[in-house]
Amino acid sequence: MKEQIFKQSNLELKGFDDKQGIVEFYFASFGTLDSDGDVIAEGAYKKTLEEQGHRTRIKHFKNHNPEQVVGVIKEFYTDDKGVIAVSQLAKTTLGRDTLIEYESGIIT
């Protein structure tokens, strides 16, 4: 079995719409040192977003766990700070609980 390596980044909640069940968050911050000493440069995701950013089959996992799918990514875009994902949370118990955690400030 191949070892999985996960990168840590300083994620930040940009906003959420509790009525629609949509969350918007940074999943990559430009110029921030991660736990491995790597820094993501502005423009690093340009090609990927151009080629893959329109796909809606990309899932939103909770805690990087593919067995905990909380939603589907509907959009990616960048600003001066980093790369932002817009996710439509599932109307499942896990999706609704995750939205409550965003609303309560548990997930920031």
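The values are calculated or read from the model by the stated rules, or taken from the named source; none is laboratory data. Note that the coordinates shown come from a computational prediction; the quantities given were computed from them, not determined experimentally. Here the Cβ is made from the backbone with ideal geometry for all residues, glycine too, and neighbour counts use every protein chain on show. All accessible areas refer to the heavy atoms of the entire protein, side chains included, with ligands and DNA or RNA removed. Shrake-Rupley method; radii C 1.70, N 1.55, O 1.52, S 1.80 Å.
Taking the criterion of being more than 22 Å from I107 (Cα to Cα) and among the aliphatic types (A, V, I, L, M), the residues of region 22-72 that qualify are V39, I40, A41, A44, L49. Within region 98-108, take every residue that is under 12 Å from H60 (Cβ atoms) and among the aliphatic types (A, V, I, L, M) and give me the one that is surrounded by the fewest Cβ atoms within 10 Å (Cβ to Cβ). Among them, the one singled out is I107. Of all residues in region 52-65, at least one satisfies being open to solvent by less than 50 Å² (accessible area, probe 1.4 Å) and farther than 12 Å from A85 by Cβ. Does G95 satisfy being surrounded by 15 or more Cβ atoms within 10 Å (Cβ to Cβ), among the small types (G, A, S) and in a helix (DSSP H, G or I)? Yes, satisfied. Within region 19-57, the set of residues being part of a strand (DSSP E or B) and at pLDDT below 80 comprises L33 only. The number of residues in region 79-108 being touching a strand residue (DSSP E or B) at 6+ places or on another chain (Cβ under 7 Å), more than 11 Å from Y26 (Cβ to Cβ) and basic (K, R) comes to 0. The set of residues from region 58-72 being under 14 Å from the mean Cα position of the chain (by Cα) and in a strand (DSSP E or B) comprises K59, H60, F61, K62, N65, P66, Q68, V69, V70, G71, V72. Here Y77 fulfils each of the conditions (1) among the aromatic types (F, W, Y); (2) under 12 Å from the mean Cα position of the chain (by Cα); (3) not in a strand (DSSP E or B) apart from (3).
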